[in-house]
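Scroll down for the structure; my scribbles are underneath it.
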Amino acid sequence: MRDPIQTSPHPEEPRSGVSKDAPAFSVASTTILRDAPDGDPQDEGSRGERATILDVHGASCRFEVSQPWLARVVSRSPRRVLRAVEDISFKVERGTTFSIVGESGCGKSTLARMVVGLQRPTEGSLRFADITRADGTIGPPRVQMIFQDPYASLNPRWRVGDIIAEPIRELKLRKDEGETIARVGDLLEIVGLSRGDALRFPHEFSGGQRQRISIARALATEADFLVCDEPTSALDVSVQAQILNLMVRLQKEFGLTYLFISHNLSVVRHMSDHLAIMYLGRFVESGPAEEVFNHPRHPYTRLLLDTIPDVEKPNRERRPMSGEVPSPIAPPPGCAFHPRCAMAGDICRSERPILREVAETQLACHFG
Ligand SMILES: Nc1ncnc2c1ncn2[C@@H]1O[C@H](COP(=O)(O)OP(=O)(O)O)[C@@H](O)[C@H]1O
Ligand code: SF4
Ligand SMILES: [Mg+2]
């Protein structure tokens, strides 16, 4: 049995009581309560494996950040290349959540933008596999992005009904205007708002409610794959938990696949099937979420875990995250984490550890 919702009543509570039966967790609690997501049996391989929906292979993204040519020649400064994402490979299985966690500036949003096609990779490939939908159609998944800032991502001059209806009209997903309006009402209720909210403007809603509107808009496109870039970072902790609960419920109901990005490990703890820890453009540890949480091997993963409040051990000493993320223009030689790593040895300063298999996980550390 699941715990009851561990969030306090809050003015951002949706007006309809959708969160009552949602899978519940709090952002700071410690036990993984989430059920394995229900998948479409059609998408499971012969050995009960889930089908790969996204295959990222050796993806890198570098930005040229040099001064203009003339200024560079006059000042004799060299060309400067910022390595935002370096040689990243991973697979996402349909109906699951793949989470990527790392501090600000480590390349998470650049990777997210590459996945949705807003940023070209400098090297490598990102491929979506064709999927079979519930209506029998086969094709590439519909991919949508949910952004951190619901204030900026909704057009303030449009009524909420029009914001949600726009992709339905553009993609001609409903026969006529009557069906479109009915679908908008259904979507508002699905995300815990009311049908009447269609007539209101974004500024009339709180942050959490606006993020619900963003989710309704993504669902309006009949998306299969949602790239969620820090979708709860701008929200209060109690509201964060409500939005995460909603996302988990929607995943189970509609078989959605999430690529979920956060700088906060506690946010992704309860909704991840697979977890990758990113540092300065690279994955340093990745594997099944429970394994990474329960047996963190990389010193950076341990440091991130140490910063999470533990409700079962409130008196546990928490180490603050020390030091700054180095510049991706001039990354430290060897292991990029060595200036902040308590375990660093000589080899760490000269040789970059490559990702290798350790138990069920992949790890980039000389001593892990
Ligand atoms: N278009 C761009 N041009 C130059 N540098 C960029 C661009 N986009 C991102 N960066 C840089 O790439 C690095 C990673 O950024 P980002 O992907 O936004 O990280 P995160 O989302 O993890 O905070 C940062 O140093 C950022 O300044
Ligand atoms: S390779 Fe060395 S510096 Fe890097 S994380 Fe491992 S022990 Fe620390
Ligand atoms: Mg970002």
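The values are calculated or read from the model by the stated rules, or taken from the named source; none is laboratory data. Computed from a predicted model, the values in this text were never measured in an experiment. Using ideal geometry, Cβ is built from the backbone for each residue, glycine included, and neighbour counts are taken over all protein chains shown.
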- Query: Pairs under 8 Å by beta carbon, first residue crowded, with 24+ Cβ neighbours inside 10 Å in segment 225-250, partner part of a strand (DSSP E or B) and of a type in the set (S, T, N, Q), six or more apart or different chains?
  - Reply: Leu226/Gln144; Leu226/Thr257; Val227/Gln144; Thr232/Ser262
- Task: Given the conditions (1) within 16 Å of ligand 3 (Cβ to nearest atom); (2) out of contact with any Lys or Arg (no Cβ under 8 Å at 6 or more places or on another chain); (3) at pLDDT 95 or above, report the number of the one that Gln148 does not fulfil.
- Result: (3)
- Using the structure shown, decide if Arg356 is at pLDDT below 90, within 16 Å of ligand 2 (Cβ to nearest atom) and of a type outside the set (Val, Ile, Thr). no
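Within segment 76-91, which residues are away from ligand 2 (no atom under 16 Å from the Cβ), of a type outside the set (Gly, Ala, Ser), at pLDDT 95 or above and surrounded by fewer than 24 Cβ atoms within 10 Å (Cβ to Cβ)? Break it down into steps so the answer makes sense when it comes.
Residues of segment 76-91 that are away from ligand 2 (no atom under 16 Å from the Cβ), as a first pass: 76-85, 87-91.
If we keep only those that are of a type outside the set (Gly, Ala, Ser) as well, we get 76, 78-83, 85, 87-88, 90-91.
Filter once more, so that each one left must be at pLDDT 95 or above: 82-83, 85, 87-88, 90-91.
If the condition is that a residue be away from ligand 2 (no atom under 16 Å from the Cβ), of a type outside the set (Gly, Ala, Ser), at pLDDT 95 or above and surrounded by fewer than 24 Cβ atoms within 10 Å (Cβ to Cβ), then Leu82, Arg83, Asp87, Phe90, Lys91 are the ones that fit.
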- Message: Could you tell me how many of the residues in segment 97-126 are surrounded by 23 or more Cβ atoms within 10 Å (Cβ to Cβ) and over 22 Å from Leu355 (Cα atoms)?
- Response: 0
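Of all the strands (runs of 3 or more DSSP E) wholly in segment 81-180, which have at least 2 residues that are within 13 Å of ligand 1 (Cβ to nearest atom) and over 24 Å from Val325 (Cβ atoms)? I'd like the intermediate steps shown before the answer.
Working: elements: 81-93, 97-101, 123-128, 143-146.
So the answer is none; nothing clears 2.
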- Some residue of segment 331-350 being at pLDDT below 95, assigned to a loop (DSSP other than H, G, I, E, B) and within 16 Å of ligand 3 (Cβ to nearest atom): no
- So which residues in segment 127-164 are among the hydrophobic types (A, V, I, L, M, F, W, C) and crowded, with 18+ Cβ neighbours inside 10 Å? Phe128, Ile131, Val143, Met145, Ile146, Phe147, Leu154, Val160, Ile163, Ile164
